[in-house]
Amino acid sequence: MTRFIHDQFAKQYLKELLTPLGNVETSRDIAGEVRQIDILFAPKSQPEVEATALGLLGQIAAKPAVFEPFRSPVQPGEIRSCLGKLFDLHAELERQAARENTRIAESDLPLLWILSPTVSDPLLAGFRAISEPENWVTGVYFLGTSLKAAIIAIHQLPRTSETLWLRVLGKGNVQKQAIAELIELPSDNSFRLNALELLYNLRTILQVRQDIDREDRELIMELSPLYLQRLEDATQRGIEQGIEQGIEQGIERNQRLMVESMLQVKFGAIDEELVQIIEPLIQLEPLEITQLIMQLNREELLARFGRKN
């Protein structure tokens, strides 16, 4: 199963895009039963970039939000689970406000955004989810106002620049088309390079897996040219800026992201012991890094790169 690989990619991808606009927490623990929400976002009062640069995603990021991305079509039980986590989070925020002798406004409670590659009409009908065409594009469906939740059917989003950043999280032809559009963006686009880097890291992880399906194999083929594109972009930035050190720092940063992603996919949360092996791992070639993480267990990795005898 590669679902967790894609889940981790979606978290890192959304974190990279949203960080200039606000504070982002991934895998946020909530009270009650031990559960986590994928991404909790709070907008900054003075964002580093204009939200319009992210189109529909920027429109969503105008207010506090919870993101729950799904690789496969979301099911009713999964939506109910997401709603349960949302309500637990709301209760936690309200208790915190009470302890501080304040009151949290209804408009300040995060809105849940469920991102699904496809959504069936019966599922939407079952949750009374409706579109608001006067304010939102096709493919965005809202549950009852007080539920503070919405479902995005990625396959229904119009093929425009405004929806590109969410269509990258789609599946099959929708994702392929979005990747092609992403590659064609101007090289100075502030989000393009990081998105391509994360896609390249995703390809690297999928390539060494034995349990990938046809769609993942096709995705690997689609992403294969990105490594060359990555090097060309880094070289061009270095020429334009005249800063060779900037290239090296950028490559090291992306190596670190790749290693962190693979460790999280294999072992879950990265603890202090695993943090210690990141630095020595990023000194290796990407293929060697991938093979070592996938082939060695935790103890073997720590013995080789972490613990000192």
- Message: Please report the spacing between the Cα centers of the range 174-190 and the range 73-119 in Å, no decimals.
- Response: 32
- Item | Cα-projected label distance for Ile270 with Asp108, points at 7 Å along beta-carbon direction, nm | 3.3
- Message: Just to be sure I understand the model, the point goes 7 Å from the Cα along the line to the Cβ. What's the resulting Glu78 to Met294 distance in nm?
- Response: 2.4
- Put a dot 7 Å past each Cα toward the Cβ at Asp88 and Thr160; how far apart are the dots in nm? 3.7
- Message: Leaving out ligands and nucleic acids, and using a 1.4 Å probe, what accessible area per residue does the range 80-178 come to in Å²?
- Response: 50
- Filter the GluC sites (Glu not before Pro) in the range 72-139 down to the DSSP loop ones having no more than 15 other Cβ atoms within 10 Å, then list what survives. Glu100, Glu134
- Vicinal HN-Hα couplings computed from phi for the range 143-148 (Karplus, 6.51 cos²θ - 1.76 cosθ + 1.60; Hz; Gly/Pro x): 7, x, 3, 6, 6, 6
- Applied in sequence order to the range 106-112, the curve 6.51 cos²θ - 1.76 cosθ + 1.60 (Karplus, θ = phi - 60°) yields integer Hz couplings, x standing for Gly and Pro, of 4, 5, 8, 6, x, 9, 7
- Task: Would you please calculate the Kirkwood hydrodynamic radius of the range 68-226 over all C-alpha pairs and express it in Å, rounded to one decimal?
- Result: 17.7
- Message: I'd like the Karplus ³J(HN,Hα) series for the range 199-205: coefficients 6.51, -1.76, 1.60, θ = phi - 60°, whole numbers in Hz, and an x wherever there's a Gly or Pro.
- Response: 5, 5, 4, 4, 4, 4, 5
- Message: Loop only by DSSP, 16 or fewer other Cβ within 10 Å of the Cβ. Give me the trypsin sites (Lys or Arg not before Pro) in the range 61-152 that pass, ordered by residue number.
- Response: Arg103, Arg128
- How big is the charge dipole of the range 78-167 about its Cα centre, in debye rounded to the nearest 20, if each Lys and Arg gets +1 on its Cβ and each Asp and Glu gets -1 on its Cβ? 160
- Item | Within the range 92-197, percent of DSSP bridges classed antiparallel, to nearest 5 | 50
- Task: Apply the Debye scattering formula to the range 28-155, with a single equal point scatterer on each alpha-carbon and no solvent, then give log10 I(q)/I(0) at q = 0.13, 0.18, 0.19, 0.20 Å⁻¹.
- Result: -0.56, -1.06, -1.16, -1.26
- Task: Please label the shape of the range 80-144 as rounded, prolate or oblate, based on the square roots a ≥ b ≥ c of the eigenvalues of the alpha-carbon gyration tensor (a/c under 1.5 means rounded; beyond that, a/b larger than b/c means prolate, else oblate).
- Result: prolate
- Near Lys148, which lysines are there with a Cα under 22 Å away, not counting those fewer than 8 places off in the same chain? Lys11, Lys15, Lys44, Lys63, Lys85
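The values are calculated or read from the model by the stated rules, or taken from the named source; none is laboratory data. Predicted model, so just to flag it, every value in this text is computed and none were measured. Here Cβ is always computed from backbone atoms with ideal geometry, including for glycine, and neighbour counts include all displayed protein chains. We work out accessible area using only protein heavy atoms, side chains counted, and drop any ligands, DNA or RNA first. Shrake-Rupley method; radii C 1.70, N 1.55, O 1.52, S 1.80 Å.
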